[in-house]
Amino acid sequence: MTLLKELPPLRILIVEDDPMMQLGLEQSLEAYPQITIVGQAEDGYLGVEAALRLQPDIVVMDIGLPRLDGIAATQQIKAALPQTHVVMLTSHTTETEVIAALSSGADAYCIKGTSVDQLLAAIAAAQEGATYLDPQIARRVVEHLKPPTPASNIGHLSHRELEVLKLMVEGYSNPEIATALYLSPNTIKTHIRGIMNKLAVDDRVQAAVVALRHGLV
């Protein structure tokens, strides 16, 4: 995947209490010329303060933080800086925690130990205004996110829309889907709007839920 290739430069704040994890994230992400790590924080309170001061494009946030957990910190950051996107990167995988994080305003949810490519896919999706859910936990929260979509709607998806939907579930960003299918980004946006209208969903996470529930991917 040509991750981040077509995105603007990104300023990223890391909120993580494990020094080794902080260092690993910084080294992995700064290997990409579009990314600048503008700051790091070791707990939720410091994370909120740093976000308000630095106003980053992306915050990579752990949940299990000292003093103020990542869910509460995310809620405060999104309330003050709605244009800042939050990517959860955590070892917490229960349905309650995932849904609480998304409800707090998190734009993406990744599991620690995921590949750099998957983390970059989450960052790319968040920056585009989409919602990203790690494939490792998508199936665990399917029943909590949206009531079942009528099966009759599923049959109305075209072959091309099914191709686009599969790549959406796999975490591809719009530019990456366009590259994979040899189509223009505008065409991909049109297909995604059509998919969401037919499935009666509001975002990529809900589209992924319907796809997984009905065995489309």
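Here, each number is a calculation from the coordinates, and none is a lab measurement. From a predicted model like this one, the values you see are computed outputs, not experimental measurements. FYI the Cβ positions are ideal-geometry reconstructions off the backbone, even for glycines, and counts take in every protein chain you see.
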Quick one: which residues, 5+ away or cross-chain, put their amide H under 5 Å from the amide H of I37? H built at 1.01 Å from N.
I12
Eight or more residues apart or on different chains, and alpha-carbon atoms under 17 Å: count the Lys pairs in the chain matching that.
4
What's the magnitude of the charge dipole for the chain around its Cα centre, counting Lys and Arg as +1 and Asp and Glu as -1 at the beta-carbon? Answer in Debye, nearest 20.
840
Candidates V48, V116, V169: whichever shows maximal mean-square fluctuation once the chain is modelled as a Gaussian network with Cα springs under 10 Å:
V116
Ranking I63, Y132, S28 by how far each Cα lies towards the positive end of the charge dipole of region 10-141 (+1 on Lys and Arg Cβ, -1 on Asp and Glu Cβ), the top one is Y132
Quick one: angle between helix 204-213 and the longest Cα principal axis of the chain, in degrees between 0 and 90, rounded to 10, please.
50
For the chain, longest principal axis from Cα atoms; helix 44-54 axis from its Cα atoms; angle between them, nearest 10 degrees, is 80
Run the simple label-point estimate for S103 and T190 please: 7 Å along Cα→C-beta, distance reported in nm.
3.9
Shape call, the chain: gyration tensor on alpha carbons, a/c limit 1.5:
prolate
Pairing the Cα long axis of helix 116-127 with the longest principal axis of the chain, what angle in degrees results, from 0 to 90 and rounded to the nearest 10?
80
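Taking Cα pairs under 8 Å and at least six residues apart, what relative contact order does the chain come out at, in percent?
16
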Compute the FRET efficiency between S91 and Y45 as 1/(1 + (r/R0)^6), taking r as their Cβ-Cβ distance and R0 = 25 Å, and round to the nearest 0.05.
0.75
Which whole-Hz ³J(HN,Hα) couplings does region 179-192 yield from phi under the Karplus relation 6.51 cos²θ - 1.76 cosθ + 1.60, θ = phi - 60°, glycine and proline marked x?
5, 5, 9, 6, 10, 7, x, 5, 5, 4, 4, 5, 4, 5
Give me, ordered by chain and number, the residues 5 or more places off Y109 or on other chains with an amide H under 5 Å from its own placed amide H.
M88, Y132, L133, D134
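Compute the length gained on full extension between L216 and E30: take 0.36 nm times their separation in residues and subtract their Cα-Cα distance, giving the result in nm to one decimal.
63.4 nm
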Quick check on the chain: of the DSSP beta bridges with both residues there, what percent are antiparallel, nearest 5%?
0
By average C-beta atoms within 10 angstrom, highest first, the peptides 41-47, 23-29, 78-84
41-47, 23-29, 78-84
